[in-house]
Amino acid sequence: QVQLVESGGGLVQPGGSLILSCAASGSISSIRAMGWYRQAPGKQRELVAIITGGGTTNYGDAVKGRFTISRDNAKNTVFLQMNSLKLEDTAVYYCNGQRVGTDYWGQGTQVTVSS
């Protein structure tokens, strides 16, 4: 089993920045990639960003150029630096860990962008 614990969500004004963290524990040696998804009220969960063990990254179109994903392998932690936040970035952000045939999810952290 893998446990994922997010932190760093909160309320921020449009144009502001926020950093999310996700700490992984458990059977993490089998994890191939980690990333972030988000779900806004009434919408489907969507990809925000993902990073492989080798450092390859992929971003959702809505956040390209504004968000940056990174990882600290020594601390088994993934970060999401969010800049130039928009109202439409408001959502619950979920940490995701992937291994062959299985997805693991954190409990989610609320990010609210509001003036």
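Couple of notes before you dig in:
- The number of residues in the stretch 35-59 that are outside any loop (DSSP other than H, G, I, E, B) and modelled with pLDDT of 95 or more comes to 14.
- Qualifying positions in the stretch 1-31 - open to solvent by 30 Å² or more (accessible area, probe 1.4 Å), within 20 Å of residue 107 (Cα to Cα) and part of a loop (DSSP other than H, G, I, E, B): 1, 8, 9, 27
- Note on the stretch 91-115: residues that are under 19 Å from residue 79 (Cβ atoms), in contact with a Leu (Cβ under 7 Å, 6 or more places away or on another chain) and among the hydroxyl-bearing types (Ser, Thr, Tyr) total 3.
- A single entry from 100, 78, 113 fulfils the requirement of being of a type in the set (A, V, I, L, M) and surrounded by fewer than 14 Cβ atoms within 10 Å (Cβ to Cβ): 100.
- Hits in the stretch 62-75 (condition: open to solvent by 60 Å² or more (accessible area, probe 1.4 Å), assigned to a loop (DSSP other than H, G, I, E, B) and either under 16 Å from residue 25 (Cα atoms) or small (Gly, Ala, Ser) (or both)): 65, 73, 74, 75
The values are calculated or read from the model by the stated rules, or taken from the named source; none is laboratory data. These numbers come from a predicted model, not from an experiment. When we count neighbours, we look across all protein chains shown, and the Cβ atoms used for this are built from the backbone with ideal geometry, even at glycine. Keep in mind that these areas ignore ligands, DNA and RNA; they rest on the heavy atoms of the full protein, side chains included. Shrake-Rupley method; radii C 1.70, N 1.55, O 1.52, S 1.80 Å.
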